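**Student:** Handing you this structure, nothing more for now.
Nothing in this text is a laboratory measurement; each read-out follows from the coordinates by a stated rule. Computed from a predicted structure; not experimentally measured. Because the Cβ atoms are built from the backbone with ideal geometry, glycine has one as well, and the counts that use them run over all protein chains shown.
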Amino acid sequence: MTNVGPFVSRPGNAPRIDPLSTAPALIVVAAIHSSNPMVDVMAKHANTDSRAKQMLEGLKTVAAGVQSTSAAVATLMLVLHQMGLGTLWMTGGLYAKSDIEKILKVPAGMDVVTLVPVGYPAENPTKDRKPVSEVCQVIK
């Protein structure tokens with residue numbers, strides 16, 4: 001791997017560096033389409049049962065598959081950071097999602113969720129952290 005990764009500083013008016021073209025590795029994360037029998041039942045009853053309708057609306061807002069995939073990607077990025085690698089969560093490239101899926105031969109029944117460029121960062125900035133008491137409040 002080279003020393004050019006997704007976290008390259010841009011002093012002054014330096015040109016923007018595209019992590020997709022400069023990172024030596026790219027992880028493409030896809031999720032499988034899944035069905036939930038509970039959702040099917042709620043959908044059938046949503047017109048006559050207000051609780052089923054409310055639960056169905058909640059599930060539209062909080063898609064379990066997206067949550068699970070997001071948790072996995074976040075954990076992956078933490079592990080890669082611990083290994084000294086730089087990563088970046090990218091969804092902007094998904095404007096060409098169908099092209100990406102075609103090029104990578106993503107199987108039917110799966111959707112690309114995010115792209116994660118990986119590389120050794122050109123720099124490792126440090127930042128003093130605020131004490132937890134300044135950024136977190138315990139409510140009893």
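**Student:** Under the rule of at least 5 residues apart or a separate chain, name every residue whose amide H is placed under 5 Å from the amide H of Gly119.
**Tutor:** Counting only residues 5 or more places away or on other chains, the set is Gly86.
**Student:** Then there's this: When averaged across all projection directions, what area in nm² does the alpha-carbon convex hull of region 19-124 cover?
**Tutor:** That works out to 8.6 nm².
**Student:** Where nothing but the Cβ of Lys and Arg (+1) and of Asp and Glu (-1) is charged, how large is the charge dipole of region 19-124 around its Cα centre, in debye to the nearest 20?
**Tutor:** 220
**Student:** Give me the lysines in straight-line cross-link reach of Lys105: C-alpha distance below 21 Å, same-chain residues under 8 apart excluded.
**Tutor:** Of all the lysines, those that pass the test against Lys105 - Cα under 21 Å, at least 8 places apart if same chain - are Lys97.
**Student:** Karplus couplings for region 94-111 from phi (6.51 cos²θ - 1.76 cosθ + 1.60, θ = phi - 60°), rounded to Hz, Gly and Pro as x?
**Tutor:** 7, 5, 10, 3, 5, 5, 4, 5, 5, 4, 8, 6, 5, x, 4, x, 10, 10
**Student:** So which lysines pass the test for Lys44, namely a Cα distance under 23 Å, with those fewer than 8 places away in the same chain ruled out?
**Tutor:** Within the straight-line limit of under 23 Å, Lys44 reaches these lysines: Lys53, Lys60.
**Student:** Here's something else I'd like to know. Placing +1 on the Cβ of each Lys and Arg and -1 on the Cβ of each Asp and Glu in the chain, which of Tyr95, Ile32, Leu59 has its Cα farthest towards the positive end of the resulting dipole?
**Tutor:** Of the candidates, Leu59 comes out farthest on the positive side.
**Student:** Then there's this: Pull up all non-local amide H partners of Val113: gap of 5 or more, or a different chain, and H-to-H distance under 5 Å with H placed in the peptide plane.
**Tutor:** Val29, Ala30, Ala31
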